[in-house]
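To start, the structure itself, in structure tokens.
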Amino acid sequence: MKYLYYPGCSLKGTGKAYDESMVAVFQKLGMDVEELQGWNCCGATSYMSIDETKAFALIARNLALAEQQNGGEPVHLISPCAACYLGLCKAQKYIAESEELKTIIVDSLGSVGLKYTGNVKVRHPLDIFVNDLGLDKIAKCVSHPLKGLKVASYYGCLIVRPYATFDDQYNPMTMDKLMVALGAEAVDWPLKTRCCGGTLTGTVEEAGLRLSYMLLKEAAKRGANLVATACPLCQFNLECYQSKMNHDYGDHVHLPVAFFSQVMGKAFGLDRRQIGLQRLMVPVETSPAMA
Amino acid sequence: MIMSNTAAGDQPRIGVFVCYCGRNIASKVDVEKVRQFAEKLPNVVVSRTYKFMCSDPGQEMIQQDIKELKLNRIVVASCSPLLHEPTFRRTCAAAGLNPFYFQMANIREQVSWVTADTVAATRKASALVAAAVSRVACHTSLEKKRVPVHADVMVVGAGISGIHAALLLANAGKKVYLVEREPSIGGHMAQLDKTFPTLDCSACILTPKMSEVKNHPNITCWTLSEVEEVSGFAGNFKIKVRRNPRYIKQELCVACGQCVDVCVFKEGKVLDDFNVGLSKHKPIYMPFPQATPACVLIDPTACLKLSRGKCAQRCVEACDRKAIDFEQQVIHEEVEVGAVIIATGYQMFDARKTPEYGYGKYLNVYTMMEVERLVNAAGPTQGEVIMRDGKTPKTVGIIHCVGSRDKRHHPYCSSVCCMAALKTAHLVREHTGALVFNFYIDMRTPLKGYEEFYDRVLQEGVQFVRGRVAEVTDWAVTPAEDGKLVIRVEDTLIGVARRIPVDMVILATAMEAHHDAAELQRRFNISCSKEGWFLERHPKLAPVSTFSDGIFLAGVCQGPKDIPGSVAQAGAAAAEALMLVDKGFVEIEPNSAWIDDEVCSGCKTCVPLCPFHAITYNAQDHVSVINEALCKGCGTCVASCPSGAAQQKLFTDEQIHQEIKGVLNYV
Amino acid sequence: MAAWKIQGRVKHQEELDLDFGKTIASKSGGENLYGCIQCGTCSSTCPLSIYMDYTPRKIIAMTRAGFHDEVLRSNTIWLCASCYACTVDCPRQIRITDVMYALKREAIEHGVYPRRFPIPVLAKEFFKSVMKTGRSNEGLIVTWMILKTAPLKLFKQMGLGLKLLLHGRLSVLEEHMDGGAEQLRKILDHVETAKKGATP
């Protein structure tokens, strides 16, 4: 099956490691994946605060491009970034539910020659790895089982809410199962889907920073020596502010936070630079098994 | 083909009576003009008006004209037939005229109450009168048929509602078949410890009634039994009941319990439904101490002898009454009854559907029904509130509205849980001295003694937080929360977020219809509401009858309610059932359909279409036949019949055509 | 002992905007707004509610009652992180997250927020970046936001910025979408005109 790949702006910026490791993992798994050509920003949460219809139009352009690139055939569009993933799903749903909105979107895209039918299947890589390919196939590719690695799988908000498309909303397990298939231990912890603070860590840090801090504390308390994430902003919030947290809260938090695809790459025996491990600010080598 | 009149060759002599209805009709319709118009219509002998046609003088006027002017057809143009058709039909009958020579034109609900312009209203009223006049000329005399009824009654479901209804009917001298699916009667009320608001011991007030049922000569009580098939109609139901084997000779067992003691299984094996899964029982077991009939039974899937064929059978050895019978078979009973009361009750909402509360994930999250069993002295912990981890709680949180008032599960309010939660708070505090919190959205304590009970519980020091709980978690933020279940809630009245660590969480789960209620609904041919409760005929004025004559409802199966409500409703259902069977006969409206067997080709198109299953196919004669007693005159078969063999009395093709012509001629 | 400030507080009907509730209910996501039973589940599950001046439940009550100023001036609508926990847990299925977005848009449209408040400024910078390049350039957007709201903070943030740069996670140059954003701008212009014709 052919897949199209929508990285989104973060994966070309602060989340570069996510992009790199994702592409490397696709290759290793022998998947037929092509990057979406001419993609634009999905608007994330900020754009929605300015204008909803334009935000949907922004997203719909990517969906129309995906259809076009696949020659009108049904297309599976992979979106690793949680905000992009949610945006794509939400736009498709809202456009389908409102005749009025649909008309505006279809006309606006039509005015530049793009066709929108709303038949793109938006997929998260976790869904594809666990449900399409299957854990057996993943396990077969493992050459360096991650023994000693205790992973707290952190899903964040947007890949399970408000649409529970491929996993349970209250207790998702796809990432946990994936980690186990890679030879690691999946730590059971209660904050798998609690918000990390999103953009608030940078704008209203008294509130936002604390949310990320609590996640790290609990993960550590439950015995995790690595947090695996599925969202570039979650990863940024959890990893890049650790020294600030220690300063502000008088603590000694030191927990590596990696993208789950990086963990996969490590288990597959891929090169360090291939999966962007050097981009992580809290060296992941402090974790056994990831050394 | 024009249907014949009262006597062959008699010309229709029609009297038209137009009503002013005070100003209800007269304010929009020019009643005098309509009267004048009607006078000139064919076959009309006399046309009159009156202020209130339904009044005594109005009716007398009609009767006088029938006698003096030899009228043989009557048209009254007034209000809705739903209101006064029976009145005017009686008027005709009293004057010696067959009541079905009467036709009504609705010029109130269908004209004056819905038309703004008086000219238009008068024209429409005239058109409707012309239609009625044209139609009534083709009416024939019809007779209501009487069918005798069976005096026996069946009650399905033997919870408190079924028990109460059965006792009332039995005491009225009727033979009652009480059919119960579980091995004992008593229903959910038998599981309760105390009942609100009086804190009566549930078993103490229920068991005397259960005893009465057992001993009543007029009640035939079948437990472990289910209704399999229902046929017939009001007054004459034929019902097949399947009686599942308990593998014990009921008449011999004295419930000494020796068999249970010596069973080869030393520990319980099967999840005990009566204890809501909190304990296990052996394959041979007593459902609960006060079970009625007082008799053990054997679970065939767990018993070694029944499932595998081999066992030491110590139970047989121990029973000196030789009551154990592994060869016992299913018995199929078939009975004839005149009325049925459905009192099948409810089931509790599965708390695993709200995973955010941790039921099934955290050990010490319970449902309220489970806690009823914990506090009950005959329960799995002998009345001690000991949690799954072996500890006694020091702080308890009770969460209201789990699964109720929730568009994602049940949008309705389950009516009794606020009171039940207050009762649970009281009982748990009484048993443990724990600090109890109730988390609620609204406190619903409307009925007799309920508000006072709320006050009592408030005075006892139970803490109330108005806020719906979003999550129960084991994530501890402060050291005091370590090892506890934390309830995070917005205290909406004080206006602050709170984190309350508790040892035990109790969920007030919703009442819901049985998962197989739809099966029963189909078997009895009754309707369900959107939420799955059986549908009453009218929400305000007919709460115990259904749209199927002879089938009545009692208790929670019709909608969530408390014990007093269920008992009251059971009494009402018994009264209505008595009304039906004591009358001795049912009268059937003559507007039923019939099939002309000379025209019928046996195509069977009509058979599956009948919503009342009134049509059967006679394979011998190759024709379909309508059971007049079951037919409700909906006309579906008539409309669908390709050959015109199916026709309907009072709604013949000719009558309908004439009615339409009446309007068109005028227009 | 601190002195009390005695102040009376009554809200009169004349001070309220009685159409406010209907306006918000008519926006995307507001369709079940009037079904709110004030249960407080949203506030209970919201991870940010403890920092808000009015909890999400109160915002809905106030919106329906017409407390236009208090709602748009609250910090609640800005502290919402769009995590959708409230939307998923609401027993009346009110799309509270969307209501918060609608309120954000109202506030931005009417310019009702403290000067130099970072969140609307961030949103506007984001908007501009997308219009210009078709992409959101994180580094540049955040830098502009800091300069426009609390310029002195830039020095504090430089440490983090440098670290990101060294790890190759910050692009100093502007990223553009392939083919330029011309087509995108055309689409958005079309939407703008279409919106003016359509009902809100």
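Would you mind stating whether B:Ile563 is surrounded by 17 or more Cβ atoms within 10 Å (Cβ to Cβ), more than 25 Å from B:Arg522 (Cβ to Cβ) and out of contact with any Asp or Glu (no Cβ under 9 Å at 6 or more places or on another chain)?
Details: surrounded by 17 or more Cβ atoms within 10 Å (Cβ to Cβ): yes; more than 25 Å from B:Arg522 (Cβ to Cβ): yes; out of contact with any Asp or Glu (no Cβ under 9 Å at 6 or more places or on another chain): yes.
Yes; evaluated as a whole, the condition is true for this residue.
In this structure, is A:Lys2 more than 10 Å from chain C (Cβ to nearest Cβ) and at pLDDT below 95? Break it down into steps so the answer makes sense when it comes.
Working: more than 10 Å from chain C (Cβ to nearest Cβ): yes; at pLDDT below 95: yes.
When the stated conditions are applied, A:Lys2 passes them.
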> Quick one: would you say A:Thr45 is over 14 Å from C:Ile187 (Cα atoms) and either in the same structural domain as A:Thr203 (by TED's automatic domain parsing) or not small (Gly, Ala, Ser) (or both)?
Replying inline: yes
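With the requirement that a residue be hydroxyl-bearing (Ser, Thr, Tyr) and not in a helix (DSSP H, G or I), what does the stretch C:100-134 give you? Please lay out each step first, then the result.
Narrowing the stretch C:100-134 to residues hydroxyl-bearing (Ser, Thr, Tyr): C:101, C:113, C:129, C:133.
Across the stretch C:100-134, the qualifying residue is only C:Tyr113.
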>> If I filter the stretch B:450-469 down to residues being under 20 Å from B:Ser415 (Cα atoms), charged (D, E, K, R) and free of Cβ contacts under 8 Å to residues at least 60 places away in the same chain, which single residue comes out as surrounded by the most Cβ atoms within 10 Å (Cβ to Cβ)?
In response: B:Arg466
> Hey, any hits in the stretch A:118-134 for a residue that's within 23 Å of the chain's Cα centre (by Cα) and within 14 Å of chain C (Cβ to nearest Cβ)?
Replying inline: no
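Taking the stretch A:204-233 on its own, how many of its residues are more than 11 Å from chain C (Cβ to nearest Cβ) and either surrounded by fewer than 24 Cβ atoms within 10 Å (Cβ to Cβ) or not in a loop (DSSP other than H, G, I, E, B) (or both)?
Step one: filter the stretch A:204-233 for residues more than 11 Å from chain C (Cβ to nearest Cβ), giving A:209, A:213, A:216-231.
Add one more test, that the residue is either surrounded by fewer than 24 Cβ atoms within 10 Å (Cβ to Cβ) or not in a loop (DSSP other than H, G, I, E, B) (or both), and what stays is A:209, A:213, A:216-223, A:225-229.
Within the stretch A:204-233, residues that are more than 11 Å from chain C (Cβ to nearest Cβ) and either surrounded by fewer than 24 Cβ atoms within 10 Å (Cβ to Cβ) or not in a loop (DSSP other than H, G, I, E, B) (or both) number 15.
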> Which number in (1) charged (D, E, K, R); (2) modelled with pLDDT of 90 or more; (3) more than 22 Å from the chain's Cα centre (by Cα); (4) not in a helix (DSSP H, G or I) marks the one condition that C:Asp178 misses?
Replying inline: (2)
>> Filter the stretch B:205-239 down to the residues that are within 25 Å of B:Thr301 (Cα to Cα) and surrounded by fewer than 16 Cβ atoms within 10 Å (Cβ to Cβ) and list them by number.
In response: B:Glu228
> Can you find a residue in the stretch C:171-181 that is free of Cβ contacts under 8 Å to residues at least 12 places away in the same chain and either facing chain A (nearest Cβ under 9 Å) or touching a Lys or Arg at 6+ places or on another chain (Cβ under 8 Å) (or both)?
Replying inline: yes
> On the given criteria, is C:Lys11 surrounded by fewer than 17 Cβ atoms within 10 Å (Cβ to Cβ), in contact (Cβ under 8 Å) with a residue 24 or more places away in the chain and touching a Phe, Trp or Tyr at 6+ places or on another chain (Cβ under 8 Å)?
Replying inline: yes
> Taking strands (runs of 3 or more DSSP E) that do not extend beyond the stretch B:297-376, which have at least 3 residues that are under 32 Å from the mean Cα position of the chain (by Cα) and of a type outside the set (D, E, K, R)?
Replying inline: B:331-337, B:339-342
>> Restricting to the stretch B:322-353, give me the number of residues that are without any contact (Cβ under 8 Å) to a residue 60 or more places away in the chain and β-branched (Val, Ile, Thr).
In response: 0
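So, in the stretch A:36-68, of the ones that are assigned to a loop (DSSP other than H, G, I, E, B), free of Cβ contacts under 8 Å to residues at least 12 places away in the same chain and surrounded by fewer than 23 Cβ atoms within 10 Å (Cβ to Cβ), which residue ends up farthest from the other protein chains (Cβ to nearest Cβ)? Walk me through how you get there before you give the answer.
So the first thing to find is which residues in the stretch A:36-68 are assigned to a loop (DSSP other than H, G, I, E, B), and the list is A:36-43, A:49-51.
Subsequent filtering for residues that are free of Cβ contacts under 8 Å to residues at least 12 places away in the same chain retains A:49-51.
Checking the rest, the ones that are also surrounded by fewer than 23 Cβ atoms within 10 Å (Cβ to Cβ) come to A:50-51.
On the way: A:Ile50: 5, A:Asp51: 7 Å.
Taking the candidates together, the pick is A:Asp51.
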>> Can you pull out every residue in the stretch B:491-519 that is within 15 Å of the chain's Cα centre (by Cα), surrounded by 21 or more Cβ atoms within 10 Å (Cβ to Cβ) and either modelled with pLDDT under 95 or assigned to a loop (DSSP other than H, G, I, E, B) (or both)?
In response: B:Ala513
> Which of the residues that make up the stretch A:82-109 are of a type outside the set (A, V, I, L, M, F, W, C) and within 9 Å of chain C (Cβ to nearest Cβ)?
Replying inline: A:Tyr94, A:Ser98, A:Glu100, A:Thr103, A:Asp107, A:Ser108
>> Being modelled with pLDDT under 95, part of a loop (DSSP other than H, G, I, E, B), within 22 Å of B:Ala190 (Cα to Cα) and in the same structural domain as B:Arg321 (by TED's automatic domain parsing) is the requirement here; does B:Gly268 meet it?
In response: yes
> Is one or more of the residues making up the stretch C:83-99 within 11 Å of the chain's Cα centre (by Cα), surrounded by fewer than 20 Cβ atoms within 10 Å (Cβ to Cβ) and either more than 8 Å from every other protein chain (Cβ to nearest Cβ) or in a loop (DSSP other than H, G, I, E, B) (or both)?
Replying inline: no
>> For the list (1) surrounded by fewer than 22 Cβ atoms within 10 Å (Cβ to Cβ); (2) modelled with pLDDT of 95 or more; (3) not aromatic (Phe, Trp, Tyr), I need the number of the one condition that C:Leu18 fails.
In response: (2)
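The values are calculated or read from the model by the stated rules, or taken from the named source; none is laboratory data. Remember, predicted model here, so these are calculated numbers, not experimental data. Positions of Cβ are generated from backbone atoms using ideal geometry, with glycine treated the same way; all protein chains shown enter the neighbour counts.
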